[in-house]
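The values are calculated or read from the model by the stated rules, or taken from the named source; none is laboratory data. Quantities reported herein were computed from a predicted structural model and do not represent experimental measurements. With ideal geometry, Cβ positions are generated from the backbone for all residues, glycine too; neighbour counts draw on all protein chains shown. Note: areas computed on protein heavy atoms with side chains; ligands, DNA, RNA excluded. Shrake-Rupley method; radii C 1.70, N 1.55, O 1.52, S 1.80 Å.
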Amino acid sequence: MNLLLIISKKLLMKIFYSLSIVIGLLFINIQSFAQQNVLKGHISDEKLHTSLAGASIIIPDLQLFSIADSNGNYQLHKLPSGTYLVQVKYTSFKTVTRIVHITGTTIADFSISEEAIEESAVVITGSSKATQIKRNPVPIVSVSHEYLQTNLSTNIIDAISKIPGVSALTTGPNVSKPFIRGLGYNRILTLFDGVRQEGQQWGDEHGIEVDQYGVDRIEVIKGPASLTYGSDALAGVVNLIPTPAAAEGKKISNATIDYQSNNGLFGGSILYGSTHKGLELMARLSSKEATNYQNKIDGRVFNTAFKETDAGMSLGLHGKWGYSHLGLSLFDDLQEIPDGSRDSATGKFTQQITEADTFRPVVSAAALKSYAITPLHQHVQHYRAYVSNNFRVGGGQLLVNLGFQNSVRREFSHPQVPYQDVAGLYLQLNTFSYDIKYHFAEFDGWNLSAGVNGMYQKNTATNGTEFVIPSYNQFDIGPFAMIKKTFNKLDISGGLRYDTRSFHNDEMYTKPNAITGFDGPVTGADTIGASHPFYNYNHVFTGVSGSIGATYNFTSKLALKINVSRGYRAPNISEISANGVHPGTGFAQIGNDAFQSEFSLQEDLGVSYIARHLDVEFSVFNNNVSNYIYNRRLTKSTGAGDSLTLSDGQYYPTYKFQQGTAELYGGELSVDIHPLKSLHFENSISAVFALNKSLPSNLTNDSNRYLPFIPPVHGISELKYDFSSKKYHLANGFVKAQLAYYATQNRVYLTDNTETATAGYTLVNIGAGTGFTNKKGKTVATISLMVNNLFDIAYRDHLSRLKYFNYSANDTNINHGLYSMGRNIGLKLEVPFI
């Protein structure tokens, strides 16, 4: 196995070395045969025939856009020859798209109209080329910048948790993991600007390491996407797309100030960008901090404060040969670790102050309101560097995307030791990812793409004092091919992929340090009499994935979609090798090295109807997962009570991963009614039902027939009114009221007290905002005021881990679990400088 890894790594290095030479030659020689291509034209109002100054013209596949001048004219220079989807946007007008073949000087005029309903969004995730959602058979949703700006959230994943089919598993306001149709963790692949996000995503107690202020829009695939992304995309993909560069010849600069009342969150972000003669520069600096959140039952919840700092920069170069982008980012988060411990008499929160933890004092009111980070916290740092390249080669497009990420996660669990000196859990993950694709020139209406992608990872886990997982390394490689064809009203697409993961984890011996008393790794003769929590393990996981689907547009308004996809996922390090108490979770975890890869087979059927005043989207799915891995609490061998693990003088409930068969089915319905152009009445409902089919029918009962941690049936109804006024210098204003309904979730995995039922609840959210313009009509400031949970309802989200944080490890009273956030008032101000 080690030999295979060495060979694979050497082969990969040779590929990249050869590729770098090829790219260099392309830069030198490609301009000699690439002709000068220009796309230009005029944009006008379809009804009034007037020019639309300021309209945006976008070519998503080239990451290019321009803005129409005062006469409605636009130009895009130095374009590679080819056929592209071109999108035109203008405030309060219907977004239009057109396929344009660009060669030499190409003229494309657009006449657009004011419409109540937007045309189907254009997406780039999971497909060979940019395409409209209504012509894409894969179930996918686009979350616009406007949506993100007009909904109050505490982090970027929380921002999409109301989207039909999407939920979030949380551990407080700044820790959220995406769940899609009932599945999460390593079954959901998160991307940032198309590059896979890697940062110990198997863990519960930290969120996605991305600056929420730097995300412009989001695309979500609701179903297996292993075909294009390999392992970890078995249940879906969340692609976080950053703020686009400035238009050619333009500069952008703005500041955002953010305040939220519930936990006193203060946030801010500064952005600068410019583009000149195809050279782009973007830079952003962001920060936010908050104290403990609160609700009317628990008061302030101790140890949920955080302090986050983010920075990012990107450089881009566009030419007739294509484009090349370089992105750099830094994420630094100090996140407290709650344990839920409270005084049994008063219900007030207590805190650990000694290593022995024999006495816990009550937390003072001043400490509950403090922004200072307590000694028991985690420090998450994430550094990213990546390059995205799109070259015009041989009549087609060569995409070369390379990325490096360094994730450092430390959990400080020793209250009597200066936190900067000794970390309990200390994980250092380095990931090198690669994605190479070639889109062949279109032939007879067929679009063919082929490529290979994967990653090399090395995770070091030996620098702390508490060891939940061992050090490991793995190498992924997956070649694939996709094809698409349009037959007038019918679009068909599909593809196949074969993945290989070579996996190795190290053995580890541990002994208490003679000076500190804390455990540490030992080798050689020191292993005599030492604990042996982890053993050498080598395995090669393989899997075939793919999809096939079709979309039929009966009319311009009515479309039918059908798609069948197979997903693949190799087990993660925790599921295979975990053996110990994780400081941030409050329980002991045991893995299983006999696990096989998971495979899913999902069937999707969708219908959409888009008319002038009505938009209806309906989809159903059925997903069968073989070798499904789930967590179950263990009981004593006698069957009476929980199996407890002793660690550092404390007993913790013990969980062990299991593997079996699962079926998930359900669907989403959204109905958007626009009786007037400015009035929106949007409604949606989502349902996921999940069955645990791991046991024979004679052993299946109401306690074990369901999968754990499945979101309840829930729906959203929102009434929103948009307004603008030249007279009063108001632009893009809105007023809205939202009703969020969550049903009781009693289809739960009750066996061994793994989870409990959750009562239903209804929340009311409201908001308003507007932009202020100067005499020239330019927006000089935008302000919004939003309130979540207006009536301060006490509720528990079914996917909140804090729901299970009782007074102590031995407390089994389900009513002692922590409640979710109470009323939260958010105020946001954005000021453009240029």
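Going residue by residue through the range 43-58, is there one that turns out to be of a type in the set (Val, Ile, Thr), surrounded by 15 or more Cβ atoms within 10 Å (Cβ to Cβ) and at pLDDT below 50? Looking through the range 43-58, none of the residues is of a type in the set (Val, Ile, Thr), surrounded by 15 or more Cβ atoms within 10 Å (Cβ to Cβ) and at pLDDT below 50.
Could you please let me know if Thr744 is under 20 Å from Ser800 (Cβ atoms) and either without any contact (Cβ under 8 Å) to a residue 40 or more places away in the chain or touching a Cys at 6+ places or on another chain (Cβ under 8 Å) (or both)?
yes
A quick yes/no check of all residues on (1) touching a residue at least 40 places away in the same chain (Cβ under 8 Å); (2) farther than 23 Å from Val88 by Cα; (3) out of contact with any strand residue (DSSP E or B) (no Cβ under 8 Å at 6 or more places or on another chain):
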site	(1), (2), (3)
Gly223	yes, yes, no
Leu227	yes, yes, no
Ala245	yes, no, no
Asn263	yes, yes, no
His276	no, no, yes
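Counting only residues that are at pLDDT below 90 and of a type in the set (Ser, Thr, Tyr), the range 175-234 holds 1 of them. For the range 331-347, what are the residues that are of a type outside the set (Asp, Glu) and either in contact with a Leu (Cβ under 8 Å, 6 or more places away or on another chain) or buried (at least 17 other Cβ atoms within 10 Å of the Cβ) (or both)? Residues satisfying the conditions are Phe331, Leu334, Gln335, Ile337, Pro338, Gly340, Ser341, Arg342.
The listed residues are Ser111, Ser92, Ser81, and the only one of them that is on the phi > 0 side of the Ramachandran plot, in contact (Cβ under 8 Å) with a residue 40 or more places away in the chain, of a type outside the set (Lys, Arg) and surrounded by fewer than 18 Cβ atoms within 10 Å (Cβ to Cβ) turns out to be Ser92. The strands (runs of 3 or more DSSP E) falling completely within the range 615-717 that include 3 or more residues that are modelled with pLDDT of 95 or more and open to solvent by 30 Å² or more (accessible area, probe 1.4 Å) map to 650-676, 679-692.
For the range 228-264, a residue qualifies if it is open to solvent by less than 20 Å² (accessible area, probe 1.4 Å) and more than 29 Å from Met282 (Cα to Cα), and the qualifying residues are Gly230, Ser231, Asp232, Ala233, Leu234, Ala235, Gly236, Asn262, Asn263, Gly264.
Within the range 524-541, can you find the residues that are open to solvent by 60 Å² or more (accessible area, probe 1.4 Å) and either farther than 20 Å from Asn473 by Cα or not aromatic (Phe, Trp, Tyr) (or both)? Scanning the range 524-541 gives Ala525, Asp526, Ile528, Gly529, Ser531, Asn536, Asn538, His539. Looking only at residues in the range 390-409 that are within 23 Å of the chain's Cα centre (by Cα) and buried (at least 22 other Cβ atoms within 10 Å of the Cβ), the one that is nearest to Phe440 (Cα to Cα) is Val400. For the range 454-468, the set of residues classified as in contact (Cβ under 8 Å) with a residue 60 or more places away in the chain and under 24 Å from the mean Cα position of the chain (by Cα) consists of Gly454, Met455, Tyr456, Gln457, Asn459, listed by residue number.
Select, from Ser142, Ser167, the only residue that is crowded, with 23+ Cβ neighbours inside 10 Å and either at pLDDT 90 or above or part of a strand (DSSP E or B) (or both).
Exactly one of Ser142, Ser167 is crowded, with 23+ Cβ neighbours inside 10 Å and either at pLDDT 90 or above or part of a strand (DSSP E or B) (or both), namely Ser167.
Can you find a residue in the range 294-304 that is touching a Gly at 6+ places or on another chain (Cβ under 6 Å) and surrounded by fewer than 17 Cβ atoms within 10 Å (Cβ to Cβ)? Yes, there is a match, as at least one residue in the range 294-304 is touching a Gly at 6+ places or on another chain (Cβ under 6 Å) and surrounded by fewer than 17 Cβ atoms within 10 Å (Cβ to Cβ). Listed here are the strands (runs of 3 or more DSSP E) enclosed by the range 463-551 that have at least 2 residues being closer than 23 Å to Ala130 by Cβ and touching a His at 6+ places or on another chain (Cβ under 8 Å), and there are none. For the structure I just gave you, tell me whether Asn572 is at pLDDT 90 or above and surrounded by 23 or more Cβ atoms within 10 Å (Cβ to Cβ). The answer is yes for Asn572.
Please pick out the residue among Tyr434, Tyr438 that is of a type outside the set (S, T, N, Q) and over 19 Å from Gln197 (Cα atoms).
Tyr438
Any residue in the range 384-391 that is part of a loop (DSSP other than H, G, I, E, B), hydrophobic (A, V, I, L, M, F, W, C) and modelled with pLDDT under 95? There is no residue in the range 384-391 that is part of a loop (DSSP other than H, G, I, E, B), hydrophobic (A, V, I, L, M, F, W, C) and modelled with pLDDT under 95. Exactly one residue among Gly312, Gly316, Gly322, Gly403 is more than 19 Å from Ala290 (Cβ to Cβ), among the small types (Gly, Ala, Ser) and either in contact with a Pro (Cβ under 6 Å, 6 or more places away or on another chain) or without any contact (Cβ under 8 Å) to a residue 60 or more places away in the chain (or both), and that residue is Gly322.
Put simply, of Ala550, Ala530, Ala514 the only residue that is at pLDDT below 95 and touching a strand residue (DSSP E or B) at 6+ places or on another chain (Cβ under 8 Å) is Ala530. Are any of the residues in the range 363-380 in contact with an Asp or Glu (Cβ under 8 Å, 6 or more places away or on another chain), among the polar types (S, T, N, Q), surrounded by 15 or more Cβ atoms within 10 Å (Cβ to Cβ) and within 20 Å of Leu425 (Cβ to Cβ)? The answer is yes, given that some residue of the range 363-380 is in contact with an Asp or Glu (Cβ under 8 Å, 6 or more places away or on another chain), among the polar types (S, T, N, Q), surrounded by 15 or more Cβ atoms within 10 Å (Cβ to Cβ) and within 20 Å of Leu425 (Cβ to Cβ).
Just name the residue that is farthest from Ser574 (Cα to Cα) out of those in the range 482-502 that are hydrophobic (A, V, I, L, M, F, W, C) and over 25 Å from the mean Cα position of the chain (by Cα). In this case the residue turns out to be Phe487. Annotation note: Cβ proximity below 6 Å between a residue of the range 817-834 that is open to solvent by 50 Å² or more (accessible area, probe 1.4 Å) and a residue that is hydroxyl-bearing (Ser, Thr, Tyr) and in a strand (DSSP E or B) (sequence gap 6+ or interchain) occurs for Leu827/Tyr259; Phe833/Ser253; Ile834/Ser253. Residue count for the range 41-53, restricted to those that are under 21 Å from Val100 (Cβ atoms) and assigned to a loop (DSSP other than H, G, I, E, B): 2. Only a single criterion out of (1) more than 30 Å from Pro80 (Cβ to Cβ); (2) in a strand (DSSP E or B) is not satisfied by Asn401, namely (1).
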